[in-house]
Structure formats: structure tokens, C-alpha cells
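Below: one structure, written as C-alpha cells.
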Amino acid sequence: MASKTTNLVADWDPNRAAEIISAHLGLEGPALPILHGLQAAFGCVPSEAIPMVAKALNRSRAEIHGVVTFYHDFREAPAGKTVVKLCRAEACQAVGGREAASFLLASLGIGWGETTPDGAVTVEAVYCLGLCAAAPAALVNGQPHGRLDGMSLIEAVAEETQP
Amino acid sequence: MIRLFVPKDVSALAVGADRVAKALTQQAGEGVQIVRTGSRGMTWLEPMVEVETPEGRIAYGPVTPADVPGLLAAGLLSGADHPLRIGRPEDHPFMVRQTRLTFARCGIVDPLSLDDYRAHGGLEGLTKALAMGPEAVVAEVTASGLRGRGGAGFPTGIKWKTVAEATADRKYIVCNADEGDSGTFADRMVLEGDPFCLIEGMVIAGLAVGATKGFVYSRSEYPHANVTFTEALILAREAGLIGPDVLGSGRSFELELRVGAGAYVCGEETALLESLEGKRGMVRAKPPLPAHVGLFGKPTVINNLVSLASVPVILAKGAKAYADYGLGRSRGTMPIQIAGNAKYTGLFEAAFGITLGEIIETVAGGTLSGRPVKAVQCGGPLGAYFPPSLFDTAYDYEAFTARDGLIGHGGIVVFDDSVQMGAQARFAMEFCAIESCGKCTPCRIGSTRGVEVIDKIMAGTERAANMAVLEDLCQTLKYGSLCALGGFTPYPVMSAVRHFPGDFNGSGINAKVPAE
């Protein structure tokens, strides 16, 4: 089935999506585990998957769309190669988190939630990683980094983006 | 065999614990075993390495990979002297002042060893609970005075009793581990450092109220905790701690981990239940209470993770032993989490009643920057900012309420005098706007209007009139919102206005606050 958003998800595979959906159908309240599974496989929740999820759960497409768009985590298109989840919350603010974030965003030339034009880095705001005693903190491709400042944050990102 | 202990708590990993563990593995030589533990909670000393000696465990920290050769040469393996030597962690002033009940094992045991867990008092509570019977367990939890550690402070025993008395074909235990408050990490530390303690607490809850299924709702922001807890669940199932026949009792209890998707409001209990059901995390109106109509419409105990993780020690030591700690109607201990611009950051479990000033000045050692403390935010993004003039407030649910604040989930974020409180008030409104579930108007729209009004005040536009609008807006949010997100956002905003009026004088949000 061709779709206008096929170009968003290069490796879209309806069979793989169907497998992910059916693997979770035995759970009580399977919607979020399914959506997490789809995003883990495709880097986002592909729009093609939404009617499939709706059908499997006997819910309307609108309902599933509503669930996907409610949660900050679920993306409609894949993120950049390196994803920086940078904490914006108070404990990080108290030790220079705002300044470190501005430094990174300015050096990448992007804003919150944006991806660099070459698709290398996406910076997402998160509100607390539970690293508040080692703030400011970020997860760079899932790797935790604490006691950051602007420079060490850029280094942490550079380390991940190196080939 | 010499045993070295290196935390794998994510706060230690964030400052290089894996690199230190690798360096030790490569350089310590034969006959050395490296055990990965949770964190003791002295986060400013992470990565903290401990060695087992005849005098007990001796700690060193903060250790970098570059320190490893020097430490080994100085005699790390025998606990010898070194500039980074801390001594026995339990003798450290930060630990001596604590009462470790819920966090007694955290940082000490291998989180994924049930043998270790048993050797340190694990499963004593469940064993007693099985012998006592359900009614006696509920009575014991009620007598302990345990109240919800998520912030609302509702008596846990009463919740349990309500569910125990409800008749239904199915009941649930739900653990609220959606620890979204900035400045808090106690839930995460249990998931990573002592996961069996939570499992034991939930099994006890299930047996006590007649529930056969439990869910732990954790956060996507906690990937490391989720990996550790998933492994703990597998081990617990293999050992028969959960499953069709809990420890040979003939009783069944299943437990599952679910992960949220980055919505702060899902920490609100009814939004959490909606999310577990696979819906948008929209707050439900109460009544009916979740204890009557909860997950999938069934009677549900929904408790904070720390509440559930405190149950095993209450059963093991007895309700009275737990209730003997504390003050007034706040019984037992609270894991106070010290974060932000503090010299000694980490987790400090103490009996209720310690003053805020003692926590900030003595325990936390003041600011990391060395500058004066200007404000501390207690209880997360919905908690009030306290100025030093209120540092005589006792750490206690009611004492904080009397000062227009809340202890919440136990987080304290310290700010030095470089903070601009107008910016903090604006952030509180902005955060509410970002995270509002949208169900009720005061929260959904009021938060955005709040940002705009604060911007006008900060720009000096009709300052007095706009201050009146802000006050009025906060009243509407406080009394007109369905849940604590809209209802409590006025706490940080109005506390900033009340205690730091000079920061709202219209000279701009980025105005340099005059130094002392």
C-alpha cells in the first residue's frame, strides 16, 4: 500500500508492524507497549501503522492517533542519528542547565525538538532524567551524562556522532 | 577473593562509573571480583568505589579512570590510605544522620541477587505477612502510619482496607513509579538498587487486599532502571516470589512492568490508570476513587513506589518500630532527595521532623557554587519556593502545608542567589502548559495565560494590574483544576511572588539580580 508518508520511514515494513502488534495482543491494555515496539523498530510510529493498530485493538483510527499525539515520546517521523534528551527541569536549571542547553542548541543551529539539516543530531527537551543530584544531565543515544556544562555537553554529543 | 563494589546506578554511570569499573577490571589483577551495586545515595562522591576489608567496606570517591593506577598502587585492595579515601560509608556524616529503613539495602547489595537480598533482611516482611493473614497485614500497615510518599500523603492502610473490602472478580495493585518531579530520584534508586524490595512490597499488598495482578508504571526517561527491574522480575518469577504459587503459599500474584511515554501528568493516579489502559493520559474526575473503580474498572490499590517499598520493612520490624520515627501525623521516614545547586547532593532518608534549615545548611552543606542560598524548591515543579527565612519549617506533611508548601515526593532543589525568581515562576506556568492533559480549562488555558501575564509583569507593562491578574489566575487554577497539575502550579508561582517581590519589579526576566 503506497502512502504519501512512505518517504518518512525508509524501512517501513507492514509485515514487521503486524508482527509487533500481534506479539502484544495478549497483554492487558496493549496500546502503549505496541506503540513503543513500533517506535523501537521504525524510529517513529509510522502513520501507516495507525489503522493497523486501530483494527487490532478494535478502536477508531482517531483514538489511536489521539494516543500517539498525546505522549511526547512518540514521533511521527524518525529522529536524527544521535538523539540528545536534554533535561530542562529545575534541578538542572539550578546548576547552569539553561546555559548549557543554549550553548548546544546555538552550536548546532537548531531549536528544541529540531534535527540538524544533515540529520545527524536531534535535541529533545525532557523534564527530569532522575539525575538531579548530578545535574545538568542528558541522555545521548541512551548514554547518561551528568555534571555537564556547555563544552562537556558538546563533547558528549561529538563522541556519539563520530563515525 | 577480594570484592570491589562499583555502582551501576545511572547517576554513577552518568559520571563515568562504567569506565572506572573497566579500568579496575583491567588493572586490579587476578583474585578480584567486581560487584555492581545500586548507589548509596552520596551522589556527589560518585563514582564511589568500595572494597571489602576485615574492618568493613571502605569507600573511595569520586574516582576517575585516571585515579585507578594510583589507587591500586596505594593499596586500594586492602583499604589503604589515599586522598580519595572516604572510610566506611556508614561512618560518613551524611550517612550517620540518616535512618535507613526503606533504603537499608540500596548501594550495599547486588540488586539482582536474591541471595544477597535474603541475607540483608529481604523477604522477612513477606514471610510474616503470609503467616499473619490479610486482615492483620492491612491493620499493621494502618498502624504504621504510612502515608502516600508520592505527595498526597493519604494513609496507605486506609486505601488497602477499602480495596480489601471491595468485592470484585479481579483487583489490581498499581505502583506509581512515574517519578516526574524534578529533584526526585528515590523511585529510580529502588528500581536500580533494590528492585526485589518493591516486588516484595507489591506481593504483600496483593495478598493483603486479594489482588492477583500488579503493574509497575515506570518512565521512558529511566531506561536503565527499566532494564534492571525487568531482570529482577525474571529472577523473582524463577524463584517463585511472583507467579501462580507465591513462595509455596498457594496464592497467586503476577507482576508486570509498563513504561510511560514522556507525559508528566501520568504521575497523577487517574491519568496513570488511563495510560495503563492504553488511552491518552487524561485525568479522571473523582469520585469514584480508584479503590472502588480503578484499573479496567476494577478495585485498585495505586500507591507510590516508595510507599510500597516501605511495606516490607514495616512488616519485618513491626508497625510500632516504624511509627516510632517521625512527628505528629507524619510517621516513619522519608527519602529526602537533595539536588540542584547543593554541595552534597543525594538521597538522605530521615525521620520526619528534621528542619528544612538543617537539611540545607548541614546535610546539603549549602550551595555547590559557594554563593548564598536564595531559594529551595520543595516537592517538585508543583512545589513552593522557600526562602531561607522559612528554614525553620519542620519536614512534615502538615508543617509544609501550613507554610503554603508541600513535601511532595521528597525532592529539594537548591538555588543560589543567581536565580531570577520571575524566570522560575514563568517556567512553572510554561511546564504546566506543556504537560497539561487538557481536560480542564483552568489548567489547559490558565497555564498559557499565566506565561503571558508573567511576561508582561517582567517587561514592566501595567505591573500592578497584571500582578492582580496573576493572583486571580492562580486562585482559579488552585480551586478550579481537576488534579494537582493545575491545582498546585500556583504554589511555585505565588511563593516566588510572595517571597521574592523584587524579582518581579519589571526590569526584565534576564535582569541580573544584584549580588550581596
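Just to confirm my filter: which strands (runs of 3 or more DSSP E) fall fully inside region A:49-163 and include at least 1 residues that are more than 8 Å from every other protein chain (Cβ to nearest Cβ), in contact with a Leu (Cβ under 8 Å, 6 or more places away or on another chain) and farther than 28 Å from residue B:189 by Cα?
The strands (runs of 3 or more DSSP E) meeting that bar are A:121-126.
Suppose the filter is closer than 22 Å to residue B:399 by Cα, assigned by TED's automatic domain parsing to the domain that holds residue B:245 and crowded, with 24+ Cβ neighbours inside 10 Å; does residue B:184 pass it?
yes
Only one residue in B:327, B:308, B:315 is at pLDDT below 95, more than 30 Å from residue B:424 (Cα to Cα) and not aromatic (Phe, Trp, Tyr), so which one is that?
B:327
Working carefully through the options B:486, B:446, B:411, B:405, find the one that is outside the structural domain of residue B:283 (by TED's automatic domain parsing) and either of a type in the set (Ser, Thr, Tyr) or more than 30 Å from residue B:330 (Cβ to Cβ) (or both).
B:446
May I ask you to say which residue of B:157, B:151 is at pLDDT below 95 and under 16 Å from residue B:304 (Cα atoms)?
Every option except B:151 fails the conditions.
Return only the number of the condition from (1) surrounded by fewer than 24 Cβ atoms within 10 Å (Cβ to Cβ); (2) in a helix (DSSP H, G or I); (3) assigned by TED's automatic domain parsing to the domain that holds residue B:506 that residue B:398 does not satisfy.
All conditions are met except number (3).
Does residue B:263 satisfy the condition of being farther than 21 Å from residue A:71 by Cα, modelled with pLDDT of 95 or more and in contact with a helix residue (DSSP H, G or I) (Cβ under 7 Å, 6 or more places away or on another chain)?
Criteria not met by residue B:263.
Could you please give the count of residues in region B:312-348 that are within 14 Å of chain A (Cβ to nearest Cβ) and assigned to a strand (DSSP E or B)?
Qualifying residue count, region B:312-348: 9.
Output the qualifying pairs, or none if there are none: Cβ atoms under 7 angstrom, residues six or more apart or on different chains, first residue in region B:472-498 and touching a residue at least 60 places away in the same chain (Cβ under 8 Å), second residue surrounded by fewer than 18 Cβ atoms within 10 Å (Cβ to Cβ) and of a type in the set (A, V, I, L, M).
Listed by first residue and then by second, the contacts come to B:482/B:285.
Which one of these is in contact with a Phe, Trp or Tyr (Cβ under 8 Å, 6 or more places away or on another chain), crowded, with 24+ Cβ neighbours inside 10 Å, in contact (Cβ under 8 Å) with a residue 12 or more places away in the chain and not hydrophobic (A, V, I, L, M, F, W, C): B:422, B:408?
The unique qualifying residue is B:422.
So which residues in region B:252-292 are touching a Gly at 6+ places or on another chain (Cβ under 8 Å), surrounded by fewer than 23 Cβ atoms within 10 Å (Cβ to Cβ) and away from chain A (no Cβ under 14 Å)?
If the condition is that a residue be touching a Gly at 6+ places or on another chain (Cβ under 8 Å), surrounded by fewer than 23 Cβ atoms within 10 Å (Cβ to Cβ) and away from chain A (no Cβ under 14 Å), then B:252 is the only one that fits.
Pairs, please: C-beta under 6 Å, at least 6 apart or cross-chain, first residue surrounded by fewer than 17 Cβ atoms within 10 Å (Cβ to Cβ) and in region B:444-465, second β-branched (Val, Ile, Thr)?
B:463/B:457
May I ask you to say which residue of B:191, B:241, B:257, B:207 is in contact with a helix residue (DSSP H, G or I) (Cβ under 7 Å, 6 or more places away or on another chain) and free of Cβ contacts under 8 Å to residues at least 60 places away in the same chain?
Selected residue: B:257, the only one of B:191, B:241, B:257, B:207 that is in contact with a helix residue (DSSP H, G or I) (Cβ under 7 Å, 6 or more places away or on another chain) and free of Cβ contacts under 8 Å to residues at least 60 places away in the same chain.
If we keep just the residues of region B:21-36 that are of a type in the set (D, E, K, R) and not in a loop (DSSP other than H, G, I, E, B), which is surrounded by the most Cβ atoms within 10 Å (Cβ to Cβ)?
So the residue we want is B:36.
The values are calculated or read from the model by the stated rules, or taken from the named source; none is laboratory data. Predicted model, so just to flag it, every value in this text is computed and none were measured. Positions of Cβ are generated from backbone atoms using ideal geometry, with glycine treated the same way; all protein chains shown enter the neighbour counts.
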